[in-house]
Amino acid sequence: MISPTRVTPLALTALAITAVGCGGGGGGGKTLSKSEFQTQANAICKKFNTEVDKLGAPSNFEEIPAFTDKALALSDDALDKLGDLNPPKEFQDDWDQWLEYGSQLHDTADELKSAAKNKDQEALKAAGEKADARDKKSDPIAVKLGLPACAQG
């Protein structure tokens, strides 16, 4: 059986990028000022992070699929809200790039669930490492945009 200390960081790492995964962007509303954009995006990410924290961490392979499904549902809700934001023009390119890093979120979640179903520690680790690599690219962009609540890790 897998150690809880191994499941927790890997599962959370794989899902830590969920706040990144909007794919698309530029909602139909008015263009926000810098402070409006930062306030609204940080609030969405902070709420998401709090809700994911409330899920608790999976402690064995059997708990990973349900955890992943719940985290994805929360993510999809947050991402809908993030996708509705229209950042200031000077933020648009970075915002689009930041959102692009989440385009593989559901694939990562599927890899995570498959690894758990097969009790495959190496595949679980690989899914976590992919997510961590995306975080290392997306976090500096979130910080640059003034979105510390959206930067993970």
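Bear in mind that the values in this text are calculations on the coordinates, not laboratory data. Keep in mind the model is a prediction, meaning the values are calculated, not measured. A quick note on method: Cβ atoms are made from the backbone with ideal geometry, for glycine too, and the neighbour counts reach across all protein chains shown.
Numbers below:
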{"read-out": "Within the range 36-136: Cβ-based charge dipole about Cα centre, in debye rounded to nearest 20 (Lys, Arg +1; Asp, Glu -1)", "value": "340"}
{"read-out": "Three-way shape label, the range 91-153, alpha-carbon gyration tensor, a/c 1.5", "value": "prolate"}
{"read-out": "Percent of alpha-carbon pairs separated by more than 20 Å within the range 32-150", "value": "46"}
{"read-out": "Distance between the range 28-68 and the range 79-153 - C-alpha centres, whole angstrom", "value": "11"}
